[in-house]
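Single-structure report; data block below.
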Amino acid sequence: MKPAIVSLLVFSLAIAAIASAAGPKISDSAMGGNKHNLSSLNTNVTYKADPSDPRGREICIFCHTPHNAAPQTTLWNRRDPTATFGHYSSSSLVISRSGVPSSYGEPTGSSRLCLSCHDGVTAGGVSLGDVLSGPIYMGINDKITGIALFDSSKIRSGHHPVSFVYNAAVLNAIQSDPVKSSENYMLPSLQEVKLDREERMQCTTCHNPHQNQSTEETYPIPPNVGRKIAPFWVYGGKGNATDDRDAVCLTCHNLIVGPFR
Amino acid sequence: MRNRNFHLKALLVLSLLVVMSGCMTAQPVEWRDTRHNLAWPQPPDPARVVFLRELAHPQDIVPEKGKVGRFLDLLTGDQEAKVEFNSPYGVATDNGSVVYVADPSAGFVHRYDLANREVTYIVQAGDEVLGSPVGVAVDRNGNLYVSDSHRRKVYKFSRDGEYLQEIKAEKEFQRPAGIAINGNGEKFIVDVLAQKLYVFDNEDRFLRSFPNNLPGTELVSPSNVAVDRALKVYVTDTMGFMVRVFDYEGNPVGTIGEIGDAPGSFARPKGVAVDSDGHIYIVDANHDNFQVFDGEGNLLLFVGRNGARPGEFYLPSGIFIDSQDRIFVADTYNHRVQIFQYVKQGGNNETSNR
């Protein structure tokens, strides 16, 4: 076989593997949408909008709030111009070595949208399981500090730190640490794993809320026997959610036994 | 790991109690932090809501600064051991000076006694370590009710933090969340995944599920609940983008708000509370504020914007209004509770110093 044909064949097989593993798109009307589609027409979810509400058929509004054409005036405050409620970000230093530009005010950007629902009430806090102890060290000198510290408490809510800048300067600082230098930190080479426009790692760096690219319904939720959750990994090339997860993690750093030390 | 954590937590509680016990003669915490002078709306409109203070660290309350931290270091050898607010969700008081804050990611309930300057933590119910406490409420005898969204249980504690019993409905809770207690001592407890509430009497006996399922008024994603003096019930339907109002019997009597990003509308409505004049306060995590409505659903005022200064919010969650019209907001990703005062029109409820 000619190399070009081999490549095509490999490419086709890869596509086939991805296609078979990926879950439904959020907007898929034939299969039904994914779990982030809370519209009343989605046949795949238990918890969804009121079918008698016309707006309940829209699929974007559950995360992306539409503009109001008709704001109310505030009766106690008639002088204030009516405005929409904007979203801004604040920041503070995260990695404690001076000169490392990893500003950090968790959560910023798109991660706000995720965490505004994934609060342990409206949507699960996605616990990683049982309680672990101790802070996560970026290294001897460079551990994440401040309230955003990814410590045992943070792990209980089950999320990797988000909204921090991860660029060449930050990487360089991590690699120069005596402990972290052996943990293979790098900027993501897997093209599906993307930082945001401001070089920040966000929830969407590893998760694609619009379409699960990995195996659907993989992880059982211990308290709710029988229910499973989709991991929504951005990458599905390995054909199963565990390997997909590992690939996503490994594109930035090693998987360390007991990573939360 | 669980055992290790269990012991650590048990140790924390005991130790902090020991630390605090020598501090009974301290002056009560002032409700109003006079360094800040913030009111809504701004002059010349008469102020209707004023900023009182924030609770952000045990050191704000405990007289000897740093003592809590040092004691924890000594115990755990971990300088990062956290007793600050991690992601506070539910907040309630005993209508006096004791503030309870449910902190799901920390996995415990913070208890701030502002009069006695004590900070303690409720970390377990009997032998069971709390998983993800999200809702808190206090009855007129000072008993504390805590809903735990991971353990799928609702626990009752005495005013001293002693575990008393589990509160059980006709079915097992699937994901209990907001709790409100009306003037009759009846508890209304949201079950998010059951898409309804359960009602318990003054003696914690299960009475009924709530509301009545009339077509077009089903709850999509209930999260928080409040009751008013007329026994009406206000349920935040977070993914329905509104607060649904019911009479005591569970019949729908109205709705407040709709989806949107403008004043009067919601993106992620969460905490709900009612003041002594029947105004309804609704927190929106996405809008980083709380909005105040009259009983007809008309918008009166909004308080807050995105940020970390006093009067600003970062993905706030729960709200509670006490009998003195003090407003407590769990400012989740600012890791604090902010306290405000509702000012009656023409009235004179100056903020008292307890």
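The values are calculated or read from the model by the stated rules, or taken from the named source; none is laboratory data. The model shown is predicted, which means the values in this text are computed figures rather than measured ones. No Cβ is skipped: glycine too gets one built from the backbone with ideal geometry, and neighbour counts run over all protein chains shown.
With respect to residue B:317, is the statement that it is touching a residue at least 60 places away in the same chain (Cβ under 8 Å), closer than 20 Å to residue A:85 by Cα and of a type in the set (S, T, N, Q) true? Yes, satisfied. Looking at the structure I just gave you, is residue B:238 crowded, with 23+ Cβ neighbours inside 10 Å and either within 12 Å of chain A (Cβ to nearest Cβ) or of a type outside the set (A, V, I, L, M) (or both)? Yes, satisfied. Taken over the range A:170-221, the criterion of being under 24 Å from residue A:28 (Cβ atoms), at pLDDT 80 or above and of a type in the set (Phe, Trp, Tyr) is satisfied by no residue. Checked against the criterion of being at pLDDT below 75 and surrounded by 15 or more Cβ atoms within 10 Å (Cβ to Cβ), the candidates A:85, A:62 yield just one match: A:85. Residues in the range B:221-228 include at least one that is part of a loop (DSSP other than H, G, I, E, B) and touching a helix residue (DSSP H, G or I) at 6+ places or on another chain (Cβ under 9 Å).
On the basis of being modelled with pLDDT of 85 or more, of a type outside the set (Lys, Arg) and touching a Pro at 6+ places or on another chain (Cβ under 6 Å), does residue B:115 make the cut? It is true that residue B:115 is modelled with pLDDT of 85 or more, of a type outside the set (Lys, Arg) and touching a Pro at 6+ places or on another chain (Cβ under 6 Å). Mind checking which residues of the range B:142-186 are aliphatic (A, V, I, L, M) and crowded, with 18+ Cβ neighbours inside 10 Å? Listed by number, the residues that qualify are B:144, B:146, B:154, B:167, B:169, B:177, B:179, B:180, B:181. Test residue B:137 against the stated conditions and say whether it is touching a residue at least 24 places away in the same chain (Cβ under 8 Å), part of a strand (DSSP E or B) and more than 11 Å from every other protein chain (Cβ to nearest Cβ). In short, yes. Considering only residues that are of a type in the set (S, T, N, Q) and touching a strand residue (DSSP E or B) at 6+ places or on another chain (Cβ under 9 Å), look in the range B:117-154 and name the one that is farthest from residue B:188 (Cα to Cα). Ranking the qualifying residues of the range B:117-154, first place goes to B:120. Under 6 Å by Cβ, and 6 or more places apart or on different chains, what pairs join a residue from the range B:277-305 that is at the interface with another protein chain (Cβ under 9 Å from one of its Cβ atoms) and within 19 Å of residue A:117 (Cβ to Cβ) with one that is basic (Lys, Arg) and crowded, with 24+ Cβ neighbours inside 10 Å? Cβ pairs passing all conditions: B:284/B:268; B:285/B:268; B:285/B:270; B:286/B:268.
For residue B:343, the stated conditions hold: it is over 20 Å from residue B:180 (Cβ atoms), among the β-branched types (Val, Ile, Thr), out of contact with any Phe, Trp or Tyr (no Cβ under 7 Å at 6 or more places or on another chain) and within 11 Å of chain A (Cβ to nearest Cβ).
Of the numbered criteria (1) at pLDDT 90 or above; (2) not in a strand (DSSP E or B), the one residue B:91 fails is (2). Could you check, for the range B:147-159, whether at least one of its residues is of a type in the set (Val, Ile, Thr), within 14 Å of another protein chain (Cβ to nearest Cβ) and over 19 Å from residue B:228 (Cβ atoms)? Checked the range B:147-159: at least one residue is of a type in the set (Val, Ile, Thr), within 14 Å of another protein chain (Cβ to nearest Cβ) and over 19 Å from residue B:228 (Cβ atoms).
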